[in-house]
Amino acid sequence: MHGPASSGWLLVALCAATGAYCVLRMRSGAAEQRRSAGGEAVMGFGMAGMAVPAAVFTPPGWAWPGYAALFGAVGLHSLWAARSGRHHLHHLVGSGAMVYMSVVMTVSPAAVHGHTAAHGGSGVPLLTGALLLYFAGYVLLTGVRLVPVAAVDDGPAATGWGDRPELARACRLSMGIAMLAMLLTM
């Protein structure tokens, strides 16, 4: 899943910064925003850990099944939370993508580092392609939704910078872009 070292470090920095901002968003006064920010922080830090260039650090064999278990649990939580709002379904898809990438790394870590053995040389696997399409659409939709938020303020003013909706959307946009980058290297 790791590409060139320079782009890998940029991906690590983006995901870690996003995770850190999501931790700060957990101080929000709105309970739903705190829960959402917590899930996004786990996703951001998990993506940062998975994106560390393999030339610098090769995780032990137990790390990939550990990631799969962690994001499987996050996915179950998202599935349970989807009862109250459909935006949790995106968290479910993201967790599923992380489980998928972890399983691929568990089964064939060397194949994912640029060789075609991970999918038999026959092109992009169907699940990877579906996830790429989903996240590409998500990135485009979130980017479009991001533009008018700063220009239109229909509600009361946010109480703090952690409660600003355009920053939360920018956080989600950056994680969507990072997920696309990680899936492209599969």
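Structure above, values below:
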| quantity | calculated |
| --- | --- |
| Criterion: under 16 Å from Ala181 (Cα atoms) and β-branched (Val, Ile, Thr) - qualifying residue of Val74, Val103, Val52, Val23 | Val52 |
| Hits in region 1-11 (condition: of a type in the set (A, V, I, L, M) and either outside any helix (DSSP H, G or I) or touching a Ser or Thr at 6+ places or on another chain (Cβ under 7 Å) (or both)) | Met1 |
| Helices (runs of 4 or more DSSP H) contained entirely in region 69-186, each with at least 3 residues that are under 26 Å from Thr58 (Cα atoms) and modelled with pLDDT under 90 | 88-107 |
| Any hit, region 12-31, residues being in a helix (DSSP H, G or I), among the polar types (S, T, N, Q) and surrounded by fewer than 21 Cβ atoms within 10 Å (Cβ to Cβ) | no |
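The values are calculated or read from the model by the stated rules, or taken from the named source; none is laboratory data. What you are looking at is a predicted structure, and each value in this text was computed from that prediction instead of being measured. Cβ sites come from the backbone with ideal geometry, for glycine too, and all protein chains shown count toward neighbours.
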